[in-house]
């Protein structure tokens, strides 16, 4: 299977191994990191798929604090997972063979490289691969490193992967790189339609009273003023996504059109990625994740499924149900298998079976 020509600076191999510390590994296995905008999960997994230790912490925001400070924030979680695995994080030698870090806001190759250098410099493993966190979602929902994933949560992103390591990805920097969708975009669109309906610039829509009622204010314009003046946190506008789905479910024209636009955008991303990987006519998984898609809204999902069926009839859409950190670990096990250090189907099964049990038995974040 071959792909189309790479897009300069975007497509290419999934991460190159970065030199880490040297010395004797304590565990032949993987340090898996799934660092999202809202939370970070870390797991130490042996090469046979046994989960040895996990930890959870806050979101990962290198675009706000810089690569070094962001990786500093990972260090306590790595230490906690290591302690739970019976390892000494202060021993001055690698904890595991390989680090597989799937990180939010690592949207460009240069960002992956800088973050990879920071992580490798901590000496947690002999080799390190950094990728965008969409790849963790993708691998968590597939039986092999092959397929496409679309995440639609606060924002939207997409990635595709082939077993030989070739990828398709998108810059996902927002409107400046052609992106639309996710909770942030949907909330602003809801406000746009609601306020325009109230002042006469737009058509009537039930979104206007629904927005006002949700925040206990007299009008949608009052909501906008409260956000502008700081009386209402802008982040709370994300609460309007369930409001949108509720109003759309009642048949409101503006709300239905917004949901349909989101379905079109999700499907378009997936179909473009499938085409660039030459998978449009192949049986292949399309993994869907993120809060907007995982909410299970039938109007949205039916729209996505119908568009995928029309454009890639053999594709199999799947709603992600496995923690993305499992995907990061599976990518790490794939790496170990490729260099003859373990991995393989049995380790994958053990990892999937063991992660939820192990996670439920531990509390605290570090």
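The values are calculated or read from the model by the stated rules, or taken from the named source; none is laboratory data. None of these values were measured; they are calculated from a predicted model. Heads up, the Cβs are rebuilt from the backbone with ideal geometry, glycines too, and the neighbour counts pull from every protein chain shown.
Tabulated data
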read-out	value
Any chance residue 226 is over 29 Å from the mean Cα position of the chain (by Cα) and under 27 Å from residue 289 (Cβ atoms)	no
Residue match in region 121-130 (condition: more than 30 Å from residue 106 (Cα to Cα), more than 15 Å from the chain's Cα centre (by Cα) and surrounded by 22 or more Cβ atoms within 10 Å (Cβ to Cβ))	no
Meets criteria (under 22 Å from residue 342 (Cβ atoms), free of Cβ contacts under 8 Å to residues at least 60 places away in the same chain and either outside any helix (DSSP H, G or I) or assigned by TED's automatic domain parsing to the domain that holds residue 341 (or both)) for residue 144	yes
When residues of region 146-169 are limited to those that are surrounded by fewer than 22 Cβ atoms within 10 Å (Cβ to Cβ) and modelled with pLDDT of 95 or more, the one nearest to residue 301 (Cα to Cα)	146
Hey, residue 352 modelled with pLDDT under 95, assigned to a helix (DSSP H, G or I) and in contact with a helix residue (DSSP H, G or I) (Cβ under 9 Å, 6 or more places away or on another chain) or not	yes
Any hit, region 292-303, residues being exposed (fewer than 15 other Cβ atoms within 10 Å of the Cβ) and either on the phi > 0 side of the Ramachandran plot or in the same structural domain as residue 78 (by TED's automatic domain parsing) (or both)	yes
Region 13-34, subset out of contact with any helix residue (DSSP H, G or I) (no Cβ under 7 Å at 6 or more places or on another chain) and outside any loop (DSSP other than H, G, I, E, B), residue modelled with the lowest pLDDT	13
Residue count for region 277-304, restricted to those that are farther than 30 Å from residue 59 by Cβ and part of a helix (DSSP H, G or I)	1
Hey, residue 330 part of a helix (DSSP H, G or I), out of contact with any strand residue (DSSP E or B) (no Cβ under 8 Å at 6 or more places or on another chain) and either closer than 30 Å to residue 50 by Cβ or not assigned by TED's automatic domain parsing to the domain that holds residue 177 (or both) or not	yes
Residue among 109, 89 that is farther than 22 Å from residue 351 by Cα and out of contact with any helix residue (DSSP H, G or I) (no Cβ under 7 Å at 6 or more places or on another chain)	109
Lone unmet requirement of (1) closer than 22 Å to residue 295 by Cβ; (2) part of a helix (DSSP H, G or I); (3) out of contact with any strand residue (DSSP E or B) (no Cβ under 8 Å at 6 or more places or on another chain); (4) at pLDDT 95 or above for residue 205	(2)
Members of region 113-126 found to be over 20 Å from residue 58 (Cα atoms) and assigned to a helix (DSSP H, G or I), listed by number	113, 114, 117, 120
Every residue from region 78-111 that is assigned to a helix (DSSP H, G or I) and either under 14 Å from residue 328 (Cβ atoms) or out of contact with any strand residue (DSSP E or B) (no Cβ under 6 Å at 6 or more places or on another chain) (or both)	78, 79, 81, 82, 83, 109, 110, 111
Near pairs, Cβ below 6 angstrom, 6+ apart or cross-chain, from region 127-138 (within 17 Å of residue 62 (Cα to Cα)) to any residue that is in a helix (DSSP H, G or I)	130/112; 130/115; 130/116
Condition broken by residue 172, with the remaining ones in (1) at pLDDT below 95; (2) assigned to a loop (DSSP other than H, G, I, E, B); (3) out of contact with any strand residue (DSSP E or B) (no Cβ under 9 Å at 6 or more places or on another chain) satisfied	(3)
Residue match in region 209-222 (condition: outside any loop (DSSP other than H, G, I, E, B), under 22 Å from residue 153 (Cβ atoms) and touching a strand residue (DSSP E or B) at 6+ places or on another chain (Cβ under 8 Å))	no
